[in-house]
Amino acid sequence: MHSNQREQAIRNCSHKWSRQYQPGDTRVRSWQKLGPEHVIHLLETATAGARTDANALLRQLARSPWRIGATVHAGGNGDARGVDAQPHLTVAVAGRSYHLRCKEQPGLHVIGVTA
């Protein structure tokens, strides 16, 4: 991603992201406090299997307002597909939510992007 697109994507993030923690989660992990810059970096450095979807999402984030729906957490309340025990975060852009599945070893990185 070009630096001007990266900066635009960061500017497009809602200022309300800082309060997006998983309700009821008493475990405080450093990756629960990731901001827009970190989300962009995670997408830019996604694994090979997630890179195409991550790049498409990055282009959307540079074009449209978006927000962090939930910072990185494991488990949670789930949805129709159930609860995801893998670390993940959600971002919402253009009326759609995206689920970014992560691995924590050796460091936090995106391994999948689903809508």
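Amide hydrogen proximity for Val72: with H placed 1.01 Å from N in the peptide plane, the residues at 5 or more positions away or on another chain lying under 5 Å are Leu34. Remark: spin-label model distance His109-Arg96 equals 2.5 nm, labels positioned 7 Å along the Cα→Cβ axis.
None of the figures in this text is laboratory data; all of them are computed from the coordinates on show. These numbers come from a predicted model, not from an experiment. Here the Cβ is made from the backbone with ideal geometry for all residues, glycine too, and neighbour counts use every protein chain on show.
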